[in-house]
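Have a look at the structure below before the remarks.
Just so it is clear, none of the values below were taken in a lab; they were calculated from the coordinates. Computed from a prediction, not measured in an experiment: that's the story for all the values here. So basically every Cβ, Gly included, is an ideal-geometry build from the backbone, and we count neighbours across all protein chains shown.
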Amino acid sequence: MKFKHIIRKAAALLICLSMGLSIVSCGKSSDSSSSGSADKPENTVSARVTVDGTKFMVNGKQLWINGVNTPWYNWNDFTGSMDYDAWDKTFSQLAEDGINCTRIWVNCTGENIVRLKSTGEIKNINKGHWSDLDKLFEIAEKHKVYVMATLTSFDHCKGDTGSPERWRTMLQSKAAVDDFAEKYVKEFCSRYSKNEYLFSIDIMNEPDWVYENEECGQLPWDDLSYFFGKCAATIHENSDTLVTVGMGIIKYNSDNYDGNKISDNYLKELTANENAYVDFYSTHYYMWQKQYFGFPFNTTPEEFGLDNTKPCLVGETSNDDSAECGYSLTEKYEIAYENGWQGVMVWMQSQEDHSWYEYGLTQEATQAFEKNHTNLVYPNGK
């Protein structure tokens, strides 16, 4: 059998040489370079995050998001002039402190990134945006820190920044939303979904305020949720990347209150698309909410009001409220895990001096959680 194998191999080699092919290229699929997998050795362990029931998984092992928010270094960083060294230093520090994921606003208000026509459709996209994001995701992969990429925010619709009227117009036009999904969201997926350190796409930061606040337009949920559903469907149809929406309060993320505005049924009904759904819930929490909606960390996600069929994490929360809530930040990470939450991501942005706010508190908490649960933070090993 071994002799026959050698004969077959030699015959194949002669055929390759007769066709003018090199020995190295012989036997390779002609379309391997376009698949995105040709550069990855066969024995490389996958870092891709998937969902199994209510848990995040990597390579068949549970992943817990020991996370933070580093939403921007400079407002609208990614317009062609990002501070590479600052972001590289940040990711290096996060990795050192056991932080396995950070949430970044890749587009803070739309200005100088995605320019819209008065009709709400896309006029053009800044090419420097893509070149900066190329660098950002290279840094993430280099340091093995996942990114939750937030595509839009209520700030897009806010009256004193960017082009709010055009963003409001876009959100209220199905044709313009479809255009945004096709030209921006699909392109984002095409460029970055093969990078396994893109943990997820967060379609909008705190849309609650676009619905509630006059300065943001007070747009109806049907329009906002059509936008979420269309973008989610586009992501699912063009990548394996997980999808969520960073809801500001549980009020609009639960059937216990005003209804879950990102439920599977609602998004699919609005878009008539079975791919319109979020993969997990990323509810934000600050202490002002306690008197209205309770406290999430010492309760289960279901007890707090969330759907119990998907992973749930606290996608944004304070890192300095221990005096108000009665728990240290270290304790909050731990009790959240014990109660079935799949991650905590504290807010660290400081606009005053380009430092990450109260980083020592965050560092202490994430280091402690990594020490106690190394295999959850780094399922593939650090």
- Message: Explain nothing, just compute: Karplus ³J(HN,Hα) = 6.51 cos²θ - 1.76 cosθ + 1.60, θ = phi - 60°, for every residue of region 72-89 in order, whole Hz, x for Gly and Pro.
- Response: 7, 9, 10, 3, 6, 4, 9, 10, x, 9, 4, 8, 4, 4, 5, 5, 5, 5
- Interchain or long-range residues, amide H under 5 Å from Gly343's placed H: Ile65, Val314
- Pick out which of Val278, Val147, Val51 has the largest mean-square fluctuation in a Gaussian network model of the chain, springs linking Cα atoms closer than 10 Å. Val51
- Each residue of region 315-328 in order: what ³J(HN,Hα) in whole Hz does its phi give by Karplus 6.51 cos²θ - 1.76 cosθ + 1.60, θ = phi - 60°, with x for Gly and Pro? x, 7, 6, 6, 9, 9, 10, 4, 5, 7, 9, x, 10, 5
- Indicate the gyration tensor shape class of region 320-382 (rounded, prolate or oblate), computed on the Cα atoms with a ≥ b ≥ c the square roots of the eigenvalues: a/c under 1.5 is rounded; otherwise a/b larger than b/c is prolate and the rest oblate. oblate
- Would you tally the net charge around Gln342, using a Cβ to Cβ cut-off of less than 10 Å, leaving Gln342 out, and scoring K and R as +1, D and E as -1? +2
- the chain: most fluctuating residue of Val145, Val185, Val45 per GNM, C-alpha cutoff 10 Å: Val45
- What is the set of long-range amide H partners of Leu116 at a cut-off below 5 Å, with H atoms built 1.01 Å from backbone N? Lys123
- Task: Write down, largest first, the equivalent ellipsoid semi-axes of region 267-382 in whole Å, where each equals the square root of 5 times an eigenvalue of the alpha-carbon gyration tensor.
- Result: 26, 18, 16
- Query: Hey, what angle do you get for helix 359-372 against the long axis of the chain, alpha-carbon based, 0 to 90 degrees rounded to 10?
  - Reply: 60
- Query: If you add up the charges near Asn308, with Lys and Arg at +1 and Asp and Glu at -1, over every other residue whose beta carbon is less than 14 angstrom from its beta carbon, what do you get?
  - Reply: -3
- Item | Within region 61-164, percent of DSSP bridges classed antiparallel, to nearest 5 | 25
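How much length, in nm to one decimal, is gained on full extension between Ser350 and Ser118, taken as 0.36 nm per residue of separation minus their Cα-Cα distance?
That works out to 80.2 nm of additional length.
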- Message: What is the angle, in °, between the Cα long axis of helix 221-238 and the longest principal axis of the Cα atoms in the chain? Nearest 10 is fine, range 0 to 90.
- Response: 10
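Using only the alpha carbons of region 49-377, what is the convex hull's orientation-averaged projected area in square nanometres?
14.9
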- Message: Compute a Gaussian network model of the chain, connecting alpha carbons closer than 10 Å, and tell me which residue from Tyr226, Tyr197, Tyr327 fluctuates the most.
- Response: Tyr327
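So what's the projected area for region 108-175, the Cα convex hull averaged over all directions, in nm²? If you can, show how the numbers build up before the last one.
On the way: hull surface 20.9 nm².
About 5.2 nm², averaged over all directions.
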- Working from Cα positions, state the angle (0 to 90°, nearest 10) between the long axis of helix 127-143 and the longest principal axis of the chain. 80
- Report the antiparallel proportion of the DSSP beta bridges in region 49-377 as a percent, rounded to a multiple of 5. 25
- Note on the structure: Phi angles of region 47-60, converted by Karplus (6.51 cos²θ - 1.76 cosθ + 1.60, θ = phi - 60°) into ³J(HN,Hα) in whole Hz with x for Gly and Pro, give 9, 5, 8, 10, 10, 10, x, 9, 10, 8, 10, 9, 6, x
- Where the centroid of each part is defined by its Cα atoms, how far is region 66-100 from region 357-382 in Å? 17
- Could you state the number of Å between the C-alpha centres of region 104-156 and region 188-216? 10
